[in-house]
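Structure, as structure tokens:
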Amino acid sequence: MYADLSAALSSRFGEGSVEPETTRDETPTYWTPQGKIVELLTWLKTGIEQPYELLYDLSAIDMRAFGKDLNGRAKFDFTVVYHLFSFGRNAFLRLKVGLEGDYPSHPTATAIWPSANWYEREVFDMFGIRFEGHPHLRRILMPSSWEGHPLRKEHPARATEMGPFRLWDEKQDAAQESLKFKPADWGLKTQSEDSDFLFLNIGPQHPGTHGVLRIVLQLDGEEIVDAVPEIGFHHRGAEKMGERQSWHTYIPYTDRIDYLGGVMNNLAYLLAVEKLAGIEVPPRAQTIRVMLCELFRIASHLVWYGTFAQDVGQLSPVFYMFTDREKVFSIVEAITGGRMHPNWFRIGGVAQDLPDGWETPVREFVAYFPKKLREYDKMVMRNSIFKARTKGIGIFTLQEAIEWGVTGPGLRACGFEWDMRKKRPYSGYENFEFDIPTASNGDCYDRAAVRVEEMRQSLRIVDQCLKNMPEGPYKASHPLTTPPIKKHTMQDIETLINHFLNVSWGPVIPPGEAMSCIEATKGWNGYHLISDGNTSPYRVRVRAPSFAHMQMLPYISRGYTVADLLSILGAMDFVLADVDR
């Protein structure tokens, strides 16, 4: 398929118009001239057989400090990277465009994919790359008053590298003024032919457990005419921190991105690191990882389930469901010593082997939880008020979902049976039997129904881990695992020195790039990592599903009421740390 694609590209755009590159993850990767990128993206989406219909990610790399050329190519100042996905081919495609200059410009892709809008705003915000033709190019994660572009290499990675913060009166007044919403800035009218529009400011606030969010609604009476989400209140520079930490010490930072997904964040990151390092994870370690991930999927869905019911006015379920979440956390704590953020996965495996007696609480939970799910079905899913608040609300079609980059339960609620654990299995998921829940209407109720059934399927997987846990090591014997295996240190002085350096500095990961993509609690979560052969990543790109989902909020809210907006937000199952990173 890779060779066929190269031939098709050369035939369509001319010999030498696209240049292939070999990468560690073996994702088909091509460099293309800037002048051809819009035509190329359009053809890949609509002109090719088995098209790449999903814009999975759009990001950039500051190459000025890389110190090497790119496999013999001319050295660029910046690189814009597109990751596309074809469901027909079941394959990713990576396109790169090299840019020159301190503040280069690049053509927008918003006319091809509406989801490119926020991605391009993020690249502009973080790197200062301008996108020609973008409908509203302005900062998205940083305040409008922020100076500089944080992911450029000259921008400090620590507060200690910056001067002391000072807030004088003029600066405070300017910051307050920038918070005022001006409809004209967003191309919104203040009145229609027969009425004035009301602009309702929701937030910044912390609705449920989703995180701090601001939404400005343009209202005609109760009806939503348009919505403008404002994000960034949770932005902590997760990608920038990846460049200053070692490959090993960055692991706990990943826990805090989808902070309800726990070790699932670790897994997405480590899969990419292990591709870069060429590490094969032993079967026992893979199965332990799967069991912990599925327990966290249940824990995350329980938080969503209870708070969704609360969002639409049902107050009691959240107390019952948080009680069951505590039972999951008691298992996690018994195994890892941690709860929400156990930081327990390691490069090459997990931190420790399973403790004696781990089977007992897992077996008890597998027996206990199905009855509780049936109880919650009666309490929530069959409740007539819950149905009235969610059925026929926030509908989107499968085609619309793909256009906007929706993945995970939102995609499956449109009737599309696609789960990365089945279609592109990782960490041994191919060895487990489970079904892919789907629904057909693409509304808030169907998105809820899919997640509820996912908990049952996760329980099936946990039960199989319990009954079929392999014997063997819990970590690979590869020299780049962390921490290195202690017993090897007494063999010779070279091994002892290597162990000391790996513990103190962290492993040196070979140069290259690799990407991972997992079926996380909220959709497809992935990491695109660049190594220049150092103890820290050169570039860490976090592809978080909630970012794409939140971007779709205005599109699926128009025509509904303010009360419906709460149903739409709850059914989305987002956390702002996953949006903002």
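The values are calculated or read from the model by the stated rules, or taken from the named source; none is laboratory data. Because the structure is a prediction, the values reported are computed rather than measured. All Cβ positions, glycine included, derive from the backbone under ideal geometry; neighbour counts span all protein chains shown.
For this structure, a couple of remarks:
- Unique match (being under 14 Å from residue 577 (Cα atoms), within 21 Å of the chain's Cα centre (by Cα) and in a loop (DSSP other than H, G, I, E, B)) among 234, 248: 234
- Within this structure, residue 261 fails the test of being at pLDDT below 90 and at positive phi.
- Top-ranked residue of the stretch 334-345 - restricted to ones that are over 25 Å from the mean Cα position of the chain (by Cα) and surrounded by 15 or more Cβ atoms within 10 Å (Cβ to Cβ), ranked as farthest from residue 252 (Cα to Cα): 334
- Check on residue 297, over 18 Å from the mean Cα position of the chain (by Cα) and either outside the structural domain of residue 526 (by TED's automatic domain parsing) or not small (Gly, Ala, Ser) (or both): no
- Filtering the stretch 143-189 to residues that are farther than 30 Å from residue 63 by Cβ and in a loop (DSSP other than H, G, I, E, B) leaves 164, 165, 166, 167, 168, 180, 181, 182, 187, 188, 189.
- The criterion of being surrounded by 14 or more Cβ atoms within 10 Å (Cβ to Cβ), more than 25 Å from the chain's Cα centre (by Cα) and at negative phi does not hold for residue 124.
- Lone unmet requirement of (1) surrounded by fewer than 18 Cβ atoms within 10 Å (Cβ to Cβ); (2) in contact with a strand residue (DSSP E or B) (Cβ under 7 Å, 6 or more places away or on another chain) for residue 90: (2)
- Considering the stretch 3-25, and only residues there that are assigned to a loop (DSSP other than H, G, I, E, B) and over 12 Å from residue 36 (Cβ atoms), the residue that is farthest from the chain's Cα centre (by Cα) turns out to be 15.
- Number of positions in the stretch 346-365 that are buried (at least 17 other Cβ atoms within 10 Å of the Cβ) and assigned to a helix (DSSP H, G or I): 3
- Scanning the stretch 493-521 for residues that are under 30 Å from residue 423 (Cβ atoms) and either assigned by TED's automatic domain parsing to the domain that holds residue 66 or in contact with a helix residue (DSSP H, G or I) (Cβ under 7 Å, 6 or more places away or on another chain) (or both) gives 509, 510, 512, 514, 515, 516, 517, 518, 519, 520, 521.
- Taking every residue in the stretch 380-399 that is surrounded by 14 or more Cβ atoms within 10 Å (Cβ to Cβ) and pairing it with any residue that is aliphatic (A, V, I, L, M) and in a loop (DSSP other than H, G, I, E, B), at least 6 positions away or on another chain, the pairs with Cβ-Cβ distances below 6 Å are 389/312.
- Filter result for residue 140 (in a loop (DSSP other than H, G, I, E, B), over 20 Å from residue 579 (Cβ atoms), of a type in the set (Val, Ile, Thr) and in contact (Cβ under 8 Å) with a residue 24 or more places away in the chain): no
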